[in-house]
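Q: One structure, as structure tokens, below. Some questions next.
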Amino acid sequence: MWRKIWFETKRIRPIPLSFKCHTAPDGALQQNKQKGSVKDKVRKTIKKQRAFCSAVLNHFDHQYSEELGDLWPSARAVLLDPQSWQYGVMLNRFSAVTDITQILLSLGFSSLPPQTDASASLCYGASAASNSKYEEGQDTLLSPHHISKCPPEDFSLQPDTTSQDSLSEFTLSLPHSSLRCYIHPHPQRFPSQAHRPGWLKQYYLLNAASLLPVLALQVRDGDKVLDLCSAPGGKAIAIMQSATPALLCCNEPDPHRRDWLSKTLESFLPRSLNSRVIVSAQDGQFFGHSEAGFYDKVLVDAPCSNDRSWLYSSTRHQGEQRLKDRARLPVLQAQLLRSALSAVRRGGVVVYSTCTLSMFENHAVVETVLNDFPEAELEDLWEEIAVPLSKYFTFSPHPACGQTQPKPSLLPLNSRLGILVVPQPGRTWGPMFLSRIRRK
Ligand SMILES: C[S@@+](CC[C@H](N)C(=O)[O-])C[C@H]1O[C@@H](n2cnc3c(N)ncnc32)[C@H](O)[C@@H]1O
């Protein structure tokens, strides 16, 4: 089995010197001295207006007003205002120990998930040890004035980042994790870090909702993990922050995206992990047949409509083409989920996630696959993730917040099959759907 994986995969390769960073979200800043100061770059980014595609917006209006009820108008407002979007900063435990945490805290960022003092010091200890063992590094020249500032959208909906009770109040039922992510109540952006040969990047910028599927996966040291749809590698990096699996197989069939994935892995992980982290090039729909029952944990972060970026399709034609693709995606997604359920061992878990609000790609896919997989058992993420983190993310449906519910006919489907993060003013994280299935 192992050999087969090895032959069908390739080791991650050294990064070419000309590599440019692609790992940050759209519009994130590049630190590039030759093209002007970071401050100049910040201003340019803030001024830039993006045109949305009306064909896609009309489609969303039609579908999401039905599926999300009163949550849709505010979610729509966030999606149409990229300047309100927030970014999380996930620290890289393998890079040099730095003063970045202090900078983040001084700027009003707070830890997500909240860290107890004990777990924070455990993490620092691990980080320092990791660094001295793996890589020589120094701090980058990052200071608070490198951060872009945008006006807050709505103070009333923002989490209280100064509240100390949050440290003990929201304890996820997870082992002490070395995953460290910082979020800010306002849309403040750190500049992304350019690749520098011999250095590991210190942090990864991301939509903080992207961490939820990784938290739901509950990777432990020594697990064999498959990241079935892996490029560009954000969740693979998050997995490696949270534990040290015996094997992390990052699968990506698209050659260009696989290159991007390899570069991400090389920018964040020390070479000493190369034997544990491998890159595979299979069509994920068939992975489960070739590696049946081999993995403890499988993440299916499926190709999906990607509401945030599809809304900004560059032409009407592209938008319309994407809407046609959207209709076909559930078939592929269900096939990927079936394949993942075959790849996981009995007792192991599969997490299915997307970054669309669409029920057809979320709840309906999970329900379809469960119907023909009697060994699969849904697990409740509501109590485990949605309740403890409801201060930071808006989940749908969310009875505790008194939101108007979507159509009653959609409710049972909604709450049972997975949790959905809906972007809202002041907490613009998402869209992100996640569902966890255990193979009995
Ligand atoms: C949402 S992205 C994954 C993002 C990634 N997990 C991360 O966190 O950076 C979905 C990925 O699935 C890949 N994909 C598309 N078809 C696939 C297939 N048949 N099997 C496996 N992956 C596929 C796409 O190329 C894309 O890179």
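Q: Which value results for Rg/Rh of segment 222-372 when Rg is the Cα radius of gyration and Rh the Kirkwood radius based on the inverse mean 1/r?
A: Details: Rg = 15.8 Å, Rh = 16.0 Å.
Rg/Rh for segment 222-372 comes to 0.98.
Q: Would you mind checking the pairs LYS235/LYS297; LYS235/LYS263; LYS297/LYS440; LYS201/LYS263; LYS235/LYS324 and listing those with alpha carbons more than 20 angstrom apart?
A: Going by Cα-Cα distance, LYS235/LYS324 fall outside the 20 Å limit.
Q: If I take R0 = 41 Å and measure r between the Cβ atoms of ARG50 and ASP380 in this structure, what FRET efficiency does the formula 1/(1 + (r/R0)^6) give, to the nearest 0.05?
A: 0.60
Q: Using 0.36 nm per residue of separation minus the Cα-Cα distance, give me the extension gain between ASN306 and SER106 in nm, one decimal.
A: Working: separation 200, 0.36 × 200 = 72.00 nm, distance 3.31 nm.
Separation in residues times 0.36 nm, less the Cα-Cα distance, equals 68.7 nm.
Q: Still on this model: In what order do VAL219, VAL56, VAL298 fall by count of nearby beta-carbon atoms within 10 Å, going from fewest to most?
A: Least to most surrounded, the residues fall as VAL56, VAL219, VAL298.
Q: Turning to a different aspect of this structure: Might you report the magnitude of the Cβ-based charge dipole of segment 218-363 about its Cα centre, with Lys and Arg at +1 and Asp and Glu at -1, to the nearest 20 debye?
A: 100
Q: Further question: What ranking, highest mean first, results for peptides 303-315, 374-386 when packing means the other Cβ atoms within 10 Å averaged over each residue?
A: In descending order of packing, they fall as 303-315, 374-386.
Q: With the Cα gyration tensor of segment 262-338 giving a ≥ b ≥ c as the square roots of its eigenvalues, does the rule (a/c under 1.5 for rounded; else a/b larger than b/c for prolate; else oblate) give rounded, prolate or oblate?
A: Taking the square roots of the gyration eigenvalues as a ≥ b ≥ c, segment 262-338 is oblate.
Q: Taking the radius of gyration and the Kirkwood hydrodynamic radius from Cα positions alone, what is the Rg/Rh ratio for segment 329-403, to two decimal places?
A: Result for segment 329-403 is an Rg/Rh of 1.01.
Q: Let me ask you something else. What order do you get for ARG346, ARG196 when you list them from fewest to most C-beta neighbours inside 10 Å?
A: Lowest count first: ARG346, ARG196.
Q: For ARG328 and ASP99, calculate 0.36 nm times their separation in residues minus their Cα-Cα distance, and state this gained length in nm to one decimal.
A: 77.7 nm
Q: Multiplying the sequence separation of ASP81 and PHE373 by 0.36 nm and subtracting their Cα-Cα distance, what value in nm do you get?
A: Value of the extension gain: 101.0 nm.
Q: Amide H of ASP301 versus every other amide H placed in the peptide plane: which residues, excluding those fewer than 5 positions away on the same chain, fall under 5 Å?
A: For ASP301, the qualifying residues are LEU228, CYS229, SER353.
Read the figures in this text as sums done on the coordinates, not as results from a lab. What you see is a predicted model, and the numbers here were worked out from it, not measured in a lab. Here the Cβ is made from the backbone with ideal geometry for all residues, glycine too, and neighbour counts use every protein chain on show.
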